[in-house]
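The values are calculated or read from the model by the stated rules, or taken from the named source; none is laboratory data. As the structure is a computational prediction, the values presented were derived from the model and not from experiment. With ideal geometry, Cβ positions are generated from the backbone for all residues, glycine too; neighbour counts draw on all protein chains shown. Remember, those area values only see protein heavy atoms, side chains included, never the ligands or the DNA or RNA. Shrake-Rupley method; radii C 1.70, N 1.55, O 1.52, S 1.80 Å.
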Amino acid sequence: MSEPASISTGIAARYATAVFELAKESDNLADLEGDIAALEDALAESADFNSLISSPLHSRDVQAKAMSAIADKMGLSQTMASTLALMAAKRRLFVLPQLVRALRAAIAKDKGEVTADVVSAKPLTKTQESKLAKSLKSSFGKDVIINSTVDESLIGGLVVKVGSKMIDTSIRSRLNSLQNAMKEVG
């Protein structure tokens with residue numbers, strides 16, 4: 001991990017720990033999960049939102065006012081709204097994507113869940129997702145939340161990442177292995 005990335009992750013981890021502990025103490029983890037989902041959607045869908053949090057061209061005041069208005073419009077909890085205001089005042093909004101990931105991980109850990117990032121060649125059906133979740137639950141002994149994405153270049157099969165473990169059953173990786181084996185022979 002590069003130094004700037006590790007610094008951002010460290011900053012986000014400290015904010016995430018504080019927000020998670022505050023939400024847990026006040027028994028508002030469900031509200032926090034809603035906040036995280038809303039922020040994930042905003043990060044994924046709005047280029048203007050991403051520009052607001054990452055551009056150094058916006059002043060602290062502009063960022064603080066904008067984040068206050070966004071928090072009100074999104075219906076974020078008081079804890080998250082205050083955190084975003086503090087992050088804007090300290091010029092730390094650029095770590096918001098890492099903060100969201102760290103909060104998602106903290107909540108999953110608290111619930112005894114593990115997240116699996118699944119990449120498939122075609123979208124998984126609900127039946128396939130539930131069978132995969134059941135299979136992963138038997139392997140890891142925890143409930144599994146599946147984040148699924150599609151990458152047609154896999155041709156077929158799956159790439160499953162759970163924590164530091166990766167299972168690659170894609171046809172693309174099998175073809176690459178076969179190609180490397182053929183290079184070694186000839």
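Annotations
- Neighbours by Cβ (under 7 Å, 6+ apart or cross-chain): first from segment 77-95, under 13 Å from Ile11 (Cα atoms); second part of a helix (DSSP H, G or I) and open to solvent by 70 Å² or more (accessible area, probe 1.4 Å): Arg91/Arg60; Phe94/Ser54
- Meets criteria (surrounded by 16 or more Cβ atoms within 10 Å (Cβ to Cβ), within 27 Å of Ala47 (Cα to Cα) and in contact (Cβ under 8 Å) with a residue 40 or more places away in the chain) for Val162: no
- The residue list Ala47, Ala89, Ala66 contains one member that is over 30 Å from Phe140 (Cβ atoms), of a type in the set (A, V, I, L, M, F, W, C), loosely packed, with under 15 Cβ neighbours inside 10 Å and over 19 Å from the mean Cα position of the chain (by Cα), which is Ala89.
- Checked against the criterion of being open to solvent by 50 Å² or more (accessible area, probe 1.4 Å), hydroxyl-bearing (Ser, Thr, Tyr) and in contact with a helix residue (DSSP H, G or I) (Cβ under 7 Å, 6 or more places away or on another chain), the candidates Ser130, Ser153, Ser170, Ser177 yield just one match: Ser153.
- Residue match in segment 110-121 (condition: open to solvent by 60 Å² or more (accessible area, probe 1.4 Å), among the acidic types (Asp, Glu) and either touching a His at 6+ places or on another chain (Cβ under 7 Å) or closer than 30 Å to Gly10 by Cβ (or both)): yes
- Evaluation of Glu40 against (1) more than 19 Å from the chain's Cα centre (by Cα); (2) on the phi < 0 side of the Ramachandran plot; (3) open to solvent by 40 Å² or more (accessible area, probe 1.4 Å) (one fails), failing number: (1)
- In the set (1) of a type outside the set (A, V, I, L, M); (2) modelled with pLDDT of 95 or more; (3) within 17 Å of the chain's Cα centre (by Cα), the condition left unmet by Thr83 is number (3).
- Per the listing Ser26, Ser59, the residue uniquely farther than 14 Å from Leu103 by Cβ, surrounded by fewer than 18 Cβ atoms within 10 Å (Cβ to Cβ), over 23 Å from the mean Cα position of the chain (by Cα) and in contact (Cβ under 8 Å) with a residue 12 or more places away in the chain is Ser26.
- Any hit, segment 105-117, residues being polar (S, T, N, Q), within 30 Å of Val160 (Cα to Cα) and out of contact with any helix residue (DSSP H, G or I) (no Cβ under 9 Å at 6 or more places or on another chain): no
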